[in-house]
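Below you'll find the structure, written out as structure tokens, and then a few comments.
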Amino acid sequence: MSGVPQRTLLLWCPDWPVLAAEIVDGVPATDPVVVLHANRVVACSERARAEGIRRGLRRREAQGRCPHLTVVDHDPGRDARAFEPVVAAVEEVVAGVEVIRPGACATAARGPSRYLGGEEAAAERIVEHVAQSCAVESQVGIADGVFAAGLAAREGRIVAPGDTREFLAARPVEALGRPALADLLRRLGVRTLGDFAALPAGDVLARFGFDGALAHRLAGGRDDRPLAVRQPPADLIVTADYDEPVDRVDAAAFAARTLAELLHERLAGYGLACTRLGIEAVTAHGQELHRVWRHDGLLTAAAIADRVRWQLDGWLTGSNGRGGTRPARPTAGIVRLRLVPDGVLAQAGLQPGLWGETGAERERAHRALSRVQGILGPEAVVTAVLGGGRSPADQVRLVPWGDERVPARPGPPPLPPASPAAAPPVPAGSVRGVASSRPVPAGSVRGVTSSRPAAGAAPGAASAPVVVPPGGRAGRRAGRGRAMAEPPWPGRIPPPSPAVVLPAPLAADVRDAAGDPVVVSARLAVSAAPARLTVGDGRPAEITGWAGPWPVDERWWAPAEARRRARFQVCLADGAALLLAVEGGQWLVEAIYD
């Protein structure tokens with residue numbers, strides 16, 4: 001909600017439903033006329049008020065006070081249609097008008113008052129212009145906020161800045177336009193807006209609810225929201241006038257390039273891109289030429305210049321068709337050229353960048369990479385595409401530059417990792433979340449995920465789900481937590497992803513604290529906590545933290561293609577983090593973390 005109300009100018013047309021009935025249906029507004037809704041009077045003419053008719057009266061009572069009364073049904077659509085010319089007339093004087101309801105519209109008072117020489121001069125100018133353009137009487141009120149300006153408009157008054165609260169204080173509570181609330185306030189002894197505004201805001205909210213709190217803000221001279229004025233559409237058309245008629249192709253090409261760059265800069269300033277371009281030309285003899293060019297993508301400055309140049313070339317010189325016919329040339333040179341962006345769409349990528357126009361670097365890179373492909377072949381330049389899969393090597397596919405970048409396997413990208421600081425401290429080498437010792441059939445990896453962290457210092461262990469066989473305690477907990485979604489690829493390594501995926505895994509040796517090899521059984525039970533790692537012929541390194549195992553049993557239905565392995569994340573004493581896999585009793589290093 002806005003804390004400081006904006007200085008607002010509001011135009012109000014008295015008895016607008018009656019005037020709309022006269023404008024649309026021809027009902028004389030000078031006669032006693034009432035507009036009824038739900039069998040009650042919602043508006044009446046001045047002559048009907050002279051007969052004692054007021055808003056809220058029932059139809060029978062109103063006709064009893066004035067037997068020759070003309071009754072009109074309430075039609076909001078008719079009122080809105082008739083009010084549109086009034087709003088258009090106001091917009092001819094001031095910019096940015098918000099329609100409050102049919103019969104009332106508002107705008108910020110600062111702009112018109114500064115342009116027209118003061119608030120009083122602006123109010124007089126608007127009322128006079130509406131009367132001359134639409135033959136409609138209106139009144140203008142200016143105050144701090146829309147609500148206060150609406151009450152001021154009924155008196156044709158300009159409330160001085162800062163005096164809005166005092167202006168509202170003496171008004172009755174019925175001015176809020178909430179009959180039920182006003183009746184309750186009067187029975188409670190609150191008769192004016194000043195008395196209502198003096199009540200504590202917290203007590204008003206507790207007693208009268210949100211609508212009462214909103215009315216309390218209005219009574220205190222504060223608006224519930226700022227003006228949401230309609231902004232006039234941006235003029236995107238560019239025009240060039242030439243003193244000397246352009247009748248040569250080279251001169252036309254120069255003019256096309258200059259005008260195309262101007263159009264592209266104007267569109268980029270509004271974050272727009274052009275997909276359909278209208279080219280208009282006027283010759284010295286008054287002949288008008290028009291053509292529309294469509295483009296499947298986004299027209300750049302060069303593309304716009306090319307199309308304008310082609311079109312001008314066609315108009316000025318023409319071209320022989322197969323039948324030998326030549327289109328008629330203009331009778332004189334072109335003296336005016338207009339470019340109309342007939343189809344535009346929002347394109348934030350066309351906003352200017354720090355080092356010039358965004359997109360130019362991409363175009364240069366595309367040309368350079370395409371040239372490399374032309375020399376070395378299409379497979380010489382590739383880009384990575386993320387997709388589904390269980391291992392890091394399966395989740396990335398290299399695609400030649402320019403080919404369609406579609407993942408080979410379905411599946412969303414990996415989930416973002418949580419902050420490691422959120423995980424509780426876990427002693428290095430603990431095996432929480434690993435498979436239970438309950439018997440599980442060999443090869444079964446169709447488990448569920450556990451949100452409980454595994455080993456302490458390994459990357460991703462603090463926040464990543466661990467895949468365990470069904471029957472373990474973690475599996476039973478996950479089965480009860482229906483809100484936790486299963487990953488699309490069971491057995492996939494949790495985030496973060498490794499920084500380097502080795503093209504060929506390296507042989508490794510993992511041993512426990514006693515120096516015995518660490519073995520993972522068919523039931524996914526680890527023989528002992530991993531303590532030392534040796535990669536190839538290198539020196540042994542101490543393992544300070546680990547997580548796993550993450551079992552994977554792929555293509556078990558095809559024995560010739562079946563593959564079963566378990567992966568671990570380990571953290572070494574020197575700060576390095578590795579992704580290990582054990583398959584057929586052999587340990588392998590698959591990837592390296594940063």
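Thinking of the stretch 139-187 as a set of Cα atoms, what percent of all their pairs are more than 14 Å apart?
Values: 592 of 1176 pairs.
Result: 50 percent of Cα pairs exceed 14 Å.
What percent antiparallel are the DSSP beta bridges of the stretch 1-103, to the nearest 5?
Numbers: 5 of 9 bridges.
Counting DSSP beta bridges with both partners in the stretch 1-103, the antiparallel share is about 55 percent.
Based on the reciprocal of the average 1/r between different C-alpha atoms, the Kirkwood radius for the stretch 81-226 equals 16.4 Å.
Can you put 151, 262 in order of accessible area, largest first, using a 1.4 Å probe?
Numbers: 151 25, 262 75 Å².
From most exposed to least exposed: 262, 151.
Using the Cα gyration tensor of the stretch 519-593, with a ≥ b ≥ c the square roots of its eigenvalues, what is the shape: rounded (a/c below 1.5), prolate (a/b larger than b/c) or oblate (neither)?
Working: a/c = 2.26, a/b = 1.93, b/c = 1.17.
Prolate, because a/c is 1.5 or more and a/b exceeds b/c.
Looking at the stretch 168-247, the pairs of alpha carbons with a distance over 20 Å make up 46% of the total.
Please identify the GluC sites (Glu not before Pro) of the stretch 152-245 that satisfy two criteria: DSSP loop assignment and at most 14 other Cβ atoms within 10 Å. Which are they?
Numbers: sites: 155, 166, 174; in loops: 155.
Those satisfying the criteria are 155.
Pick out, in residue order, every one of the GluC sites (Glu not before Pro) in the stretch 521-594 that is DSSP loop and has at most 16 other C-beta atoms within 10 Å; say none if there are none. Intermediate results must be reported in sequence, preceding the final value.
Numbers: sites: 542, 554, 561, 583, 590; in loops: 561.
Filter output for the stretch 521-594: 561.
Distance from the Cα centroid of the stretch 202-220 to that of the stretch 376-399 is 61 Å (rounded to whole angstrom).
The values are calculated or read from the model by the stated rules, or taken from the named source; none is laboratory data. Keep in mind that this is a model prediction, so the values were computed, not measured. Don't worry about glycine lacking a Cβ; one is built from the backbone with ideal geometry, like all the others, and counts go over all protein chains shown. Protein only, heavy atoms only, side chains kept; ligands, DNA and RNA dropped before computing areas. Shrake-Rupley method; radii C 1.70, N 1.55, O 1.52, S 1.80 Å.
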